[in-house]
Amino acid sequence: MSWLGKMIGGTIGLALGGPIGAVAGAAFGHTLVDRKEDKYLNSRIGMTRQQQPLSSVEQAQLVFFTAAFSMLAKLCKADGRVTEKEIQAVERFMIQDLQLDDNSRQTAQSIFRQAVTSPESFDAFGEQFY
């Protein structure tokens, strides 16, 4: 039921943070639901991860990631579809320009995928980011 995490996270995010919050909430809701089973298995074998609140720097990164990759997704989809060439350009941007580590890159990719299917317009993300 991976749609449940997206729906709940997206709804809460939309209520608290507009279109950027909706995409971030859906991306993280999906991540939490998909990884729920892995967390259960890890806890059964003694592996746990401590959850800590986000620092102000991490919060700023989250807002930037969500806005930037949401707007990139909307730009890529402006002609009706996202091409492999466009995906490669975004991946190069993540690696070469932003120098994201694997975890941050996965987060950005998740946000990008959620924004591609989001009903929100580029303008809505741009206005909120501004």
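Structure data summary
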quantity: Criterion (of a type in the set (Val, Ile, Thr) and in a loop (DSSP other than H, G, I, E, B)) met by exactly one of Val63, Val116, Val82; calculated: Val82
quantity: Selection within region 84-95 - within 13 Å of Arg105 (Cβ to Cβ), in contact with a Cys (Cβ under 8 Å, 6 or more places away or on another chain) and open to solvent by 40 Å² or more (accessible area, probe 1.4 Å); calculated: Ile87
quantity: Pairs where the first residue, in region 61-83, is open to solvent by less than 50 Å² (accessible area, probe 1.4 Å) and the second is among the charged types (D, E, K, R), C-beta under 7 Å, 6+ apart; calculated: Cys76/Glu86
quantity: Any chance Leu4 is part of a helix (DSSP H, G or I), at pLDDT below 70 and open to solvent by 20 Å² or more (accessible area, probe 1.4 Å); calculated: yes
quantity: Tally, over region 96-113, of residues that are closer than 13 Å to Ala24 by Cα, of a type outside the set (Phe, Trp, Tyr) and open to solvent by less than 30 Å² (accessible area, probe 1.4 Å); calculated: 3
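The values are calculated or read from the model by the stated rules, or taken from the named source; none is laboratory data. From a predicted model like this one, the values you see are computed outputs, not experimental measurements. We place every Cβ from the backbone using ideal geometry, glycine too, and count neighbours over all the protein chains shown. Just so you know, the surface numbers come from the protein's heavy atoms only, side chains and all, with ligands and any DNA or RNA stripped out. Shrake-Rupley method; radii C 1.70, N 1.55, O 1.52, S 1.80 Å.
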